[in-house]
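Structure, as structure tokens:
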């Protein structure tokens, strides 16, 4: 499965995020070599935009499988212009930012697009949970000591 990820990788929030693909994008592009031609994307974040996207916030679209996407794109990449406003405008700096990202499904040919490294993901989550628990214990201990005084 290939997913399409929209993520605010900046340090500040973005508002009025809009997308302008150079041509229509597919939705639900499922199938392998015998895939049906997918439908045109007519709903979701890319079509309607995103009013507010916090730093680190993301939208994940289960886009389809390589065969279905390959049929739609026919080996040609597509540019998607993304435009958004800074929520914390800086004087004398352009408030509306526009970038272009290229989507190239053909680059997935003969690769494994899956992310099946579950043991590493679980270990990372447990480490973060442990770190947060240590902080919580420190705060609770401090409150207990203050109450005992």
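The values are calculated or read from the model by the stated rules, or taken from the named source; none is laboratory data. These figures come from a predicted structure and were not determined experimentally. Counting neighbours? That spans all protein chains shown, and the Cβs are built from the backbone with ideal geometry, glycine included.
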Subject >> Residue list for the stretch 65-97, restricted to those being at positive phi and at pLDDT 90 or above >> reply: none
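Could you list, in sequence order, the residues of the stretch 20-43 that are under 21 Å from residue 111 (Cβ atoms) and outside any strand (DSSP E or B)? Lay out the reasoning, then the answer.
Narrowing the stretch 20-43 to residues under 21 Å from residue 111 (Cβ atoms): 25-26, 29-35, 38.
Across the stretch 20-43, the qualifying residues are 25, 30, 31, 32, 33, 34, 35, 38.
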Original post:
Taking the stretch 116-134 as the region of interest, how many residues are within 26 Å of residue 1 (Cβ to Cβ) and in a helix (DSSP H, G or I)?
Top reply: 10
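Test residue 63 against the stated conditions and say whether it is surrounded by fewer than 10 Cβ atoms within 10 Å (Cβ to Cβ) and closer than 30 Å to residue 25 by Cβ. Write out each step before concluding.
Numbers: surrounded by fewer than 10 Cβ atoms within 10 Å (Cβ to Cβ): no; closer than 30 Å to residue 25 by Cβ: yes.
No; evaluated as a whole, the condition is false for this residue.
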Original post:
Checking residue 42 against (1) loosely packed, with under 14 Cβ neighbours inside 10 Å; (2) touching a residue at least 24 places away in the same chain (Cβ under 8 Å), which test does it fail?
Top reply: (2)
Subject >> Selection within the stretch 13-39 - more than 24 Å from residue 79 (Cβ to Cβ) and touching a residue at least 40 places away in the same chain (Cβ under 8 Å) >> reply: 13, 31
**OP:** Could you check residue 111 against (1) within 18 Å of residue 29 (Cβ to Cβ); (2) part of a strand (DSSP E or B) and say which number it fails?
**Re:** (2)
